[in-house]
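Note sheet for the following structure.
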Amino acid sequence: MSKRTPVARTEQDDGDGPSEQPDSERADQPEESGVETGAEAVVAGLENAGVEYLFGVTGGAIMPVYDALYEHEELTHITMAHEQGAAHAADAYGIVSGRPGVCMATSGPGATNLVTGIADANMDSDPLVALTGQVPTGFVGNDAFQETDTIGVTRPITKYNIFADDEATVGTDIGTAWALANEGRQGPTLVDLPKDITQAETDQRPEEPSTPDTYDPPTTAEAVMIEAAAETLVDAERPLILAGGGVIKGEATEELATVAREFEVPVVTTMPGTGAFPQTDPLSQGIAGMHGTGYANMAISNCDVMLAVGTRFDDRLTGDIETFAPDAEIVHIDIDPAEISKNVEADYPLVGDAGVVLEQLLRAMPGRPAAEAWREQCRTWQEEYPLDYEAPADEPLKPQHIVERFDEATPADTIVAAGVGQHQMWAWQYWTFTEPRTWVTSHGLGTMGYAVPAAIGAKLAAPDREVVAFDGDGSFLMTAQELTVAAREELDLTIVVLNNEAVGMVRQWQDGFYGGRHMASEYPWAPQFDKVAEAFGAKGLRAEHYDDLEETIQEAREYDGPAVIDAAIDPTEDVYPMVPSGGDNARFALNAEQLEGL
């Protein structure tokens with residue numbers, strides 16, 4: 001991996017050589033802080049936090065910080081092709097590592113180009129720290145060159161942001177932002193860095209990262225509510241666990257598995273919660289929501305008690321709130337009290353850390369639910385509504401088949417990244433996820449272009465693990481330039497473009513709900529993505545037939561560097577099952593004809 005060779009800092013003296021102070025006198029002298037400017041304090045704050053990688057694009061207002069990075073070999077800067085790519089790479093790094101990823105950009109357009117990635121992290125509660133340059137404080141508000149009110153723009157989409165107005169405390173501002181991004185409900189934070197502050201002289205070394213004294217996220221749930229929830233779960237005839245993304249972010253996958261297996265409760269996962277519970281476990285009831293499995297949605301629609309852990313009950317999961325788990329009492333565990341009863345009313349609100357609260361429940365459960373008939377019913381639904389598709393050898397490649405072949409060829413801990421669209425759903429549906437932090441995509445914001453930079457961030461977070469990214473042709477065109485980064489850094493990853501020459505999910509909705517009027521959803525011409533990959537310095541491959549698919553997959557995986565497969569898939573293939581937006585989860589369509597009848 002490329003890294004600038006550090007230049008050693010020379011010691012300063014008075015011209016007469018080093019002094020000959022006795023050890024006893026030197027011991028009383030204050031140690032050198034190693035900090036001379038606000039920019040160096042920023043870098044010291046990053047080092048205090050244990051940051052390894054920075055993803056960014058330089059520019060005028062952030063240049064002092066980049067200059068301070070020149071001499072610090074502990075921090076590796078990955079120069080991205082676009083600031084949005086920097087934010088997505090840092091976001092994915094945080095998802096895989098569990099620690100905040102850091103992105104950097106200059107003022108004005110640099111900062112605004114980060115906004116999509118910051119908003120994405122905010123929707124998905126991903127740990128991210130954004131550092132943005134800003135014009136000197138004396139110019140703020142005067143419409144200076146490349147000035148934007150970055151604090152105002154990002155306030156609605158950050159957990160915390162701050163305008164750093166003092167060179168003596170700017171390094172500590174960095175530590176605070178990092179700690180807040182990491183603690184409690186994770187999320188993005190931002191520090192805006194005026195150029196005069198980062199250029200100013202200071203010898204104040206930053207404090208270690210810590211959250212403000214007023215920040216006190218809950219840990220344990222109320223004992224009385226725990227007891228009531230435990231009794232309700234034991235009395236349930238049709239209990240169900242709904243595992244959300246908070247299970248993974250709260251490092252609570254082991255506790256959740258213990259509760260599920262100890263009390264033999266089926267488990268459904270949300271899209272962000274994918275990997276929270278092994279899909280190979282007999283208790284796994286699959287993935288739920290608009291494009292979830294029929295059997296998962298049937299379990300949700302028929303359970304009588306739902307233990308929901310770390311989920312915000314978004315509309316893509318619930319459909320119509322009135323028909324979501326209509327007969328169920330809801331036990332909701334979440335570290336953020338704002339999520340309790342926001343969308344789905346909680347009968348038993350358990351505010352606290354997911355792992356801790358699950359342990360509380362485990363200790364409080366007086367017995368096991370009598371739910372054998374329910375488990376048998378769940379198994380029956382799996383048989384009645386399997387994920388399947390037809391793949392005639394004389395027809396174009398089916399995207400589901402490509403995903404399954406990659407899944408079979410790769411290790412269990414392979415990290416799967418995805419952009420947004422039909423390809424994302426196929427990857428989610430047809431890959432078997434058994435471990436947390438192996439599914440990396442944009443959930444709440446639905447950001448096309450996420451896959452390529454996310455694959456870069458994921459690979460740097462887990463260099464010894466295989467990374468496969470599934471993208472669509474429309475999504476790939478938005479951030480394909482980041483292939484230059486993967487090639488330059490010699491990152492061994494594979495990107496599969498499921499190419500149907502269309503913005504496929506939009507076209508599917510146009511077919512289903514807009515009379516088949518394909519407005520702006522199809523490409524009359526598209527580039528050859530394998531040739532594009534070669535031009536960017538990656539290995540380019542093309543898959544068109546079932547006969548050569550296995551060989552193409554093997555060639556891509558064996559290539560020591562980034563490889564891109566342009567896979568020509570059946571342009572008529574759509575994503576099913578599907579619950580219409582705002583619909584009843586129990587009334588899902590398995591094909592286009594059924595969708596017309598809903």
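Worth pointing out:
- For the stretch 177-195, a tally of residues being in contact with a Ser or Thr (Cβ under 7 Å, 6 or more places away or on another chain) and either under 26 Å from Val309 (Cβ atoms) or surrounded by fewer than 18 Cβ atoms within 10 Å (Cβ to Cβ) (or both) returns 9.
- In the stretch 335-348, the residues that are in a loop (DSSP other than H, G, I, E, B) reach residues that are surrounded by fewer than 16 Cβ atoms within 10 Å (Cβ to Cβ) with C-beta atoms within less than 7 angstrom, at least six apart or across chains, in these pairs: Ile335/Pro217; Asn343/Ile321; Val344/Ile321.
- Given (1) among the β-branched types (Val, Ile, Thr); (2) at pLDDT 90 or above; (3) under 27 Å from Ser210 (Cα atoms), number of the condition Val35 does not satisfy: (2)
- In summary, Pro206 fulfils each of the numbered conditions (1) part of a helix (DSSP H, G or I); (2) not assigned by TED's automatic domain parsing to the domain that holds Arg99 with the single exception of condition (1).
- Flag for Val496 being buried (at least 24 other Cβ atoms within 10 Å of the Cβ) and of a type in the set (A, V, I, L, M, F, W, C): yes
- Set side by side, the residues Pro266, Pro326, Pro349, Pro337 differ, and just one is of a type outside the set (A, V, I, L, M, F, W, C), closer than 26 Å to Val416 by Cα and either at pLDDT 95 or above or outside the structural domain of Ala181 (by TED's automatic domain parsing) (or both), which is Pro266.
- Residue in the stretch 437-458 that is surrounded by fewer than 24 Cβ atoms within 10 Å (Cβ to Cβ) and either under 15 Å from Ala567 (Cα atoms) or of a type in the set (Asp, Glu) (or both) present: no
- Wholly within the stretch 72-168, strands (runs of 3 or more DSSP E) carrying at least 2 residues that are of a type in the set (A, V, I, L, M, F, W, C), outside the structural domain of Lys249 (by TED's automatic domain parsing) and surrounded by fewer than 20 Cβ atoms within 10 Å (Cβ to Cβ): 160-163
- Scanning the stretch 269-290 for residues that are farther than 12 Å from Gly245 by Cα and either among the aliphatic types (A, V, I, L, M) or assigned to a strand (DSSP E or B) (or both) yields Leu283, Ser284, Gln285, Gly286, Ile287, Ala288, Met290.
- Gln204, sole failed condition from (1) buried (at least 17 other Cβ atoms within 10 Å of the Cβ); (2) modelled with pLDDT of 95 or more: (2)
- Yes/no for Val575 being within 18 Å of Gly421 (Cα to Cα) and β-branched (Val, Ile, Thr): yes
- Subset of the stretch 245-258 (residues that are aliphatic (A, V, I, L, M) and either surrounded by fewer than 22 Cβ atoms within 10 Å (Cβ to Cβ) or in a helix (DSSP H, G or I) (or both)): Val247, Ile248, Leu256, Ala257
- Flag for Ile174 being at pLDDT 95 or above and either surrounded by fewer than 24 Cβ atoms within 10 Å (Cβ to Cβ) or in a helix (DSSP H, G or I) (or both): yes
- Every residue from the stretch 392-418 that is over 14 Å from Glu435 (Cα atoms), small (Gly, Ala, Ser) and loosely packed, with under 13 Cβ neighbours inside 10 Å: Ala393
- Inclusion of Arg155 among residues that are basic (Lys, Arg) and free of Cβ contacts under 8 Å to residues at least 40 places away in the same chain is warranted.
- Evaluated against (1) in a helix (DSSP H, G or I); (2) in contact (Cβ under 8 Å) with a residue 12 or more places away in the chain; (3) not hydroxyl-bearing (Ser, Thr, Tyr), Leu242 falls short on exactly one condition, (1).
The values are calculated or read from the model by the stated rules, or taken from the named source; none is laboratory data. Since we're looking at a predicted model, the values are computed, not measured. Cβ coordinates were reconstructed from backbone atoms using ideal geometry, including for glycine residues, and neighbour counts include every protein chain displayed.
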